[in-house]
Amino acid sequence: MSKEAALRDLFDYWERVWHRGEFDLVATCVAPRYIRHDEAGDRTVTREAYADELAELKRNRPDIRIIVYDHAFGGDRAWYRFTMKWTDPQSGEVRTHAGMQSYRIEDSKLAETWVVLQPIGSAWTDAVAQETWTSSVP
């Protein structure tokens, strides 16, 4: 299997974790220690701790979707331009949060990520969403 095909498979699984809540796939997708550089700061989490974080997020935002507009795979790297979209459970209003995320892959698993987010309420307006996270850019 080519590296690009392996990355496509990895992110197809990762999309299932996010959109279907298939948290048992986290061990398939995430390295034992996952380094994250995000709005919470720089930190290293175990795959189990990160699965718990994702499950909590899904409980608080059950309809959360990650809408992808652009992505690229290269060697042991991947990046995405996306908007998160969910319904606020208290107000019932739709919320959005645009961002860019880059990944470093090690042994076919997510090993490190860098996330940059725009303010809540932001969304990319210059692009058409991809059908799935790994489908061709429209």
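Once the Cα-Cα distance is subtracted from the 0.36 nm per residue extended length, the ARG104 to ASP9 segment shows a gain of 32.7 nm. The spread of Cα positions in the range 15-94, taken along each principal axis and listed from longest to shortest, comes to 41, 28, 25 Å.
Measuring max minus min along each principal axis, the C-alpha atoms of the range 1-56 give extents of 34, 22, 19 Å (largest first). Across the range 108-123, coupling constants 3J(HN,Hα) worked out from phi with the 6.51/-1.76/1.60 Karplus curve, θ = phi - 60°, read 6, 9, 5, 10, 7, 9, 10, 10, 10, 10, 7, x, 4, x, 7, 7 Hz, and Gly and Pro carry x. A cut-off under 11 angstrom between Cβ atoms defines the neighbours of ASP63, and their net charge, with Lys, Arg +1 and Asp, Glu -1, is +4.
Gain on full extension, evaluated as 0.36 nm per residue between ASP42 and ALA55 minus their Cα-Cα distance, stands at 2.6 nm.
Pairwise inverse Cα distances across the chain, averaged and inverted, put the Kirkwood hydrodynamic radius at 15.4 Å.
Since every read-out is calculated from the coordinates, none of them should be taken as a lab result. None of these values were measured; they are calculated from a predicted model. Glycine also receives a Cβ, built like all others from the backbone with ideal geometry; neighbour counts cover every protein chain displayed.
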